[in-house]
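What follows is one structure encoded as structure tokens, with my remarks underneath.
The values are calculated or read from the model by the stated rules, or taken from the named source; none is laboratory data. Model, not experiment: these values are computed from the prediction. Glycine also receives a Cβ, built like all others from the backbone with ideal geometry; neighbour counts cover every protein chain displayed. Only protein heavy atoms, including side chains, enter the accessible area calculation; ligands, DNA and RNA are left aside. Shrake-Rupley method; radii C 1.70, N 1.55, O 1.52, S 1.80 Å.
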Amino acid sequence: MKKSRNLLFILVGLPVSIFMFSLSSCNENKPTQNETKIQEVPKPAVPTEVIWHIKAIHPEGKLLDVKAFDKDGKIYDVKAIVEEGNLHLIDIKALLGVKRLPVKMLASADKYAPVKAIGEDGMIYDIKAVGSDGEKLDVKGVSNNGKIVNIKAVNKQGAFYGIKAISPNGQFYDVKGIKMTNDKIEGKTNGVDIYAHIKAIPQTNGSKIDSIWHIKAIHPDGKILDVKAIDKDGKIYAVKAIVEDDNLQLMDIKALVNGKLLPVKVISSEDKYNPVKAIGEDGMIYDIKALTSEGEKLDIKGINRAGNIINIKAIGKDGQFYGVKAVSPAGNLHDVKGVKMTNDLVESKVNGVDVFAHIKALPEVIQ
């Protein structure tokens, strides 16, 4: 069993001071309703859409264009598209005129999983990195770190070149395959079996030694609130972020119940805000709450949406929102967010329960 499992019940004291710089993101105004049952919190104006470039990085420091090709060899741009200020999980699309085709990693028996764009009619478009000499390099999923699939351009000699998304102001993100399940077929896109979604996500330099991260809510006064799972009898269990296979970019959030790791999800609901719950193997629901020093139990909910991201907050008695963070024993911070891969109100079922979004810990980003 991995070393991380031996650490599951180790709690490390954390100084309040390490959280102070993140408080500005935790105190937001009250929301108004939107069409998906998630409430929109007023935010500073941001561009509704920003286009980032997709490039392969040659070992000599050159940038290779990444393009989509149809069966006749016609070339199309491939871009990362920032929507509604969402910089946590950026969609990758092939641009065919006014159409934007999803780019996915296909289910395949090949040694490396092919990365392709998929047309509305199921037509497949090759994704290639293009050298200055016109050489076309396949773009593939070559290895896994937990639910992250590493994507590379592969030259004729079998060498790997990293794939990056580059913002107009020169910020670099990693382009990765993202899985939400352990299944070989993650789902279907326009009738095509896919192995993983393709997204641009922040690079991370966090410590891989810290395998178990604590989940905390951050009070605007600088207080730190424990986040726990609570069963129907009021028994309290730890909630942690788990580093799997050195994957620090998309960390699972689990409730630790009687030696089992239970998934924590945003539940489909008609409520004003979507509830965050842990789900037992038998479908039993465990409340997820932030606990105050006065013994109050604050709801944790999905309160608004920015593209693929659902913002997760603890809600005080006065309706004030408190940010929720994953915190490593060394004091590194990740954002705890809901992640959606579809526009459906029911993203998936987990142990018979309708799920609106998955819950993950993602690297913090500067908006």
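Inspect all residues belonging to the range 229-244 and state whether any of them is closer than 30 Å to GLU49 by Cα and modelled with pLDDT under 90.
no
Mind listing whichever residues of the range 222-247 are of a type in the set (Gly, Ala, Ser) and in contact with a helix residue (DSSP H, G or I) (Cβ under 7 Å, 6 or more places away or on another chain)? Don't jump to the end; show me each part of the working.
Filtering the range 222-247 for residues of a type in the set (Gly, Ala, Ser) gives 222, 229, 234, 238, 241.
Answer for the range 222-247, where residues must be of a type in the set (Gly, Ala, Ser) and in contact with a helix residue (DSSP H, G or I) (Cβ under 7 Å, 6 or more places away or on another chain): just GLY222.
Take LYS147 and decide whether it is crowded, with 22+ Cβ neighbours inside 10 Å and closer than 16 Å to ASP65 by Cβ. Walk me through how you get there before you give the answer.
Working: crowded, with 22+ Cβ neighbours inside 10 Å: yes; closer than 16 Å to ASP65 by Cβ: no.
No: the conditions fail for LYS147.
List the number of the failed condition for LYS349; all other conditions in (1) of a type outside the set (Gly, Ala, Ser); (2) surrounded by fewer than 15 Cβ atoms within 10 Å (Cβ to Cβ); (3) over 24 Å from LYS179 (Cα atoms) hold.
(3)
List the pairs whose first member sits in the range 253-280 and is under 23 Å from LEU345 (Cβ atoms) and of a type in the set (Asp, Glu), whose second member is modelled with pLDDT under 95 and open to solvent by 30 Å² or more (accessible area, probe 1.4 Å), and whose Cβ atoms are under 9 Å apart, counting only residues at least 6 apart or on separate chains?
Close Cβ pairs satisfying both conditions: GLU270/LYS37; ASP271/LYS37.
Can you name the residue in the range 62-77 that is open to solvent by less than 60 Å² (accessible area, probe 1.4 Å) and within 25 Å of THR204 (Cβ to Cβ) and is also modelled with the highest pLDDT among such residues?
Across the range 62-77, the extreme among qualifying residues is VAL66.
What's the number of the only condition in (1) closer than 16 Å to MET180 by Cα; (2) under 11 Å from the mean Cα position of the chain (by Cα) that PRO363 fails to meet?
(1)
This table checks each residue for (1) hydrophobic (A, V, I, L, M, F, W, C); (2) open to solvent by less than 20 Å² (accessible area, probe 1.4 Å); (3) touching a Ser or Thr at 6+ places or on another chain (Cβ under 9 Å).
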position: ILE151; (1), (2), (3): yes, yes, no
position: GLN157; (1), (2), (3): no, no, no
position: GLN171; (1), (2), (3): no, no, no
position: ILE185; (1), (2), (3): yes, no, no
position: ILE201; (1), (2), (3): yes, yes, no
position: LYS228; (1), (2), (3): no, no, no
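Kindly establish whether GLY119 is at pLDDT 95 or above and not hydrophobic (A, V, I, L, M, F, W, C). Give the derivation first.
Numbers: at pLDDT 95 or above: yes; not hydrophobic (A, V, I, L, M, F, W, C): yes.
Considered against the rule, which asks whether it is at pLDDT 95 or above and not hydrophobic (A, V, I, L, M, F, W, C), GLY119 comes out as yes.
Considering each residue of the range 122-160, count those that are in a strand (DSSP E or B) and either in contact with a His (Cβ under 6 Å, 6 or more places away or on another chain) or among the hydrophobic types (A, V, I, L, M, F, W, C) (or both), and give that number.
First pass over the range 122-160, keeping only residues in a strand (DSSP E or B): 124-130, 136-145, 148-154, 160.
Subsequent filtering for residues that are either in contact with a His (Cβ under 6 Å, 6 or more places away or on another chain) or among the hydrophobic types (A, V, I, L, M, F, W, C) (or both) retains 124, 127, 129-130, 137, 139, 142, 148-149, 151, 153-154, 160.
Of the residues in the range 122-160, 13 are in a strand (DSSP E or B) and either in contact with a His (Cβ under 6 Å, 6 or more places away or on another chain) or among the hydrophobic types (A, V, I, L, M, F, W, C) (or both).
With the requirement that a residue be open to solvent by 10 Å² or more (accessible area, probe 1.4 Å) and either part of a loop (DSSP other than H, G, I, E, B) or more than 16 Å from LEU250 (Cβ to Cβ) (or both), what does the range 332-346 give you?
Result: ASN332, MET341, THR342, ASN343, ASP344, LEU345, VAL346.
Please go through the range 307-331 and pick out each residue that is of a type outside the set (A, V, I, L, M) and part of a loop (DSSP other than H, G, I, E, B). Quick ask: steps written out before the conclusion?
At the first step, the residues of the range 307-331 found to be of a type outside the set (A, V, I, L, M) are 307-308, 311, 313, 316-323, 325, 328-329, 331.
The answer is GLY307, ASN308, GLY316, LYS317, ASP318, GLY319, GLN320, SER328, PRO329, GLY331.
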